[in-house]
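Structure first, then comments.
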Amino acid sequence: MDRLKDKVAVITGGNSGIGFGIAQEFKNEGIKGVIVGRNQETLDSSVAQLGDNFIAINADVTNLADLERVFAATAEKFGKIDVIVANAGGGAVGTVATLGEADFDKAIDLNLKSVYFTVNKALPYINDGGSIILIGSNAAHRAYPNFTLYGAAKAAVIYFAKGFSSDLLDRKIRVNVITPGTTDTPAFEKFVPAEQIEAVKTHFASVMPIGRIGQPADIGKTAVFLASDDSSFMLGAELIVDGGMTYLSK
């Protein structure tokens with residue numbers, strides 16, 4: 001299992017959930033690199049599980065100076081970067097009737113602006129021929145209640161995979177996007193009372209065509225494919241990894 005042996009990766013939001021699942025699968029394929037997050041406790045615990053080939057950097061992806069610092073520190077530690085995963089994001093929960101300007105700015109900064117500038121600030125440090133992986137959401141394709149802003153931002157991220165790939169053709173840098181559906185991550189704890197979490201997960205599993213919710217490893221294995229030479233003929237593509245919700249659910 002050495003498809004990514006000796007490659008260097010940066011994974012934003014790599015300290016928990018989908019980002020950590022990606023980091024674990026990358027580790028299994030021989031990669032080394034950096035996980036980025038804002039919670040020092042989860043950064044410490046996650047990097048301890050990943051082992052000596054990973055370091056953790058505490059940084060805010062909505063802060064451009066922090067992004068500059070992340071990529072400069074990665075290059076200083078490991079050399080040129082081969083894979084960027086722009087995973088950091090989060091839901092602004094509410095409707096057009098309830099979310100105001102401050103909510104809008106926060107959601108767009110975290111879910112869209114940060115993705116643009118993660119790629120922008122990475123470019124001096126990434127190898128030609130590298131792979132950039134963006135993380136979308138099937139909320140970009142389905143109008144889930146209270147996720148209008150989040151879904152709109154993720155729809156733009158899905159476009160970024162096409163636009164960035166076109167922009168970077170001369171450097172042969174491939175940009176693709178993974179679109180997850182409901183995935184078993186700590187995000188449930190932010191929106192659901194603790195005593196209801198298992199019931200909510202069971203409900204989601206019951207409406208998903210595949211009969212279960214996603215696991216971070218499902219997204220991680222897809223990211224390995226996009227990071228590796230196995231996907232060398234793919235650029236600007238969206239891989240929907242959502243248990244059939246977008247295409248098969250009623």
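The values are calculated or read from the model by the stated rules, or taken from the named source; none is laboratory data. Source: prediction; values computed, not measured. Note that each Cβ is placed from the backbone with ideal geometry, even for glycine, and that neighbours are counted across all protein chains shown.
Residue-level analysis places Ala122 among those that are part of a helix (DSSP H, G or I) and under 20 Å from the mean Cα position of the chain (by Cα).
Please state which one of Val115, Val85 is within 20 Å of Leu168 (Cα to Cα) and in a helix (DSSP H, G or I).
On the way: Val85 fails: in a helix (DSSP H, G or I).
Only one candidate qualifies: Val115.
For Asn87, the test of being closer than 25 Å to Phe225 by Cβ and under 13 Å from the mean Cα position of the chain (by Cα) is passed.
Within this structure, Ala72 passes the test of being more than 15 Å from Leu149 (Cβ to Cβ) and in contact with a helix residue (DSSP H, G or I) (Cβ under 8 Å, 6 or more places away or on another chain).
When the helices (runs of 4 or more DSSP H) confined to segment 153-250 are screened for residues that are in contact with a strand residue (DSSP E or B) (Cβ under 9 Å, 6 or more places away or on another chain), those reaching at least 3 such residues are found at 216-227. Restricting attention to segment 33-55, the residues that are more than 24 Å from Phe188 (Cα to Cα) and under 17 Å from the mean Cα position of the chain (by Cα) total 2.
Taking the criterion of being out of contact with any Lys or Arg (no Cβ under 7 Å at 6 or more places or on another chain) and over 17 Å from Ile18 (Cα atoms), the residues of segment 52-61 that qualify are Asp52, Ile57.
Restricting Phe78, Phe71 to residues that are among the hydrophobic types (A, V, I, L, M, F, W, C) and more than 19 Å from the chain's Cα centre (by Cα) narrows the list to Phe78. A count restricted to segment 74-93 and to residues that are within 15 Å of Asn15 (Cα to Cα) and surrounded by fewer than 23 Cβ atoms within 10 Å (Cβ to Cβ) stands at 1.
Quick check on Val47: is it in contact with a helix residue (DSSP H, G or I) (Cβ under 6 Å, 6 or more places away or on another chain), of a type outside the set (Lys, Arg) and either outside any strand (DSSP E or B) or surrounded by 21 or more Cβ atoms within 10 Å (Cβ to Cβ) (or both)? Against the criterion (in contact with a helix residue (DSSP H, G or I) (Cβ under 6 Å, 6 or more places away or on another chain), of a type outside the set (Lys, Arg) and either outside any strand (DSSP E or B) or surrounded by 21 or more Cβ atoms within 10 Å (Cβ to Cβ) (or both)), Val47 does not qualify.
Across segment 169-205, what is the total count of residues that are under 20 Å from the mean Cα position of the chain (by Cα), modelled with pLDDT of 85 or more and of a type outside the set (Val, Ile, Thr)?
Of all residues in segment 169-205, those under 20 Å from the mean Cα position of the chain (by Cα) come to 173-191.
The next check asks that each one be modelled with pLDDT of 85 or more; those that pass are 173-185.
This time we only want the ones that are of a type outside the set (Val, Ile, Thr), so: 174, 176, 180-181, 184.
Matching residues across segment 169-205 total 5.
Residue check: Gln40 meets all listed conditions (1) crowded, with 16+ Cβ neighbours inside 10 Å; (2) of a type in the set (S, T, N, Q); (3) within 22 Å of Gly91 (Cα to Cα) but one, namely (1). Among the residues of segment 135-154, what is the count of those that are in contact with a helix residue (DSSP H, G or I) (Cβ under 6 Å, 6 or more places away or on another chain) and either of a type in the set (Ser, Thr, Tyr) or over 21 Å from Gly17 (Cβ atoms) (or both)? Looking only at that region, the number is 2. Within this structure, Lys190 fails the test of being charged (D, E, K, R), closer than 26 Å to Phe104 by Cβ and buried (at least 20 other Cβ atoms within 10 Å of the Cβ).
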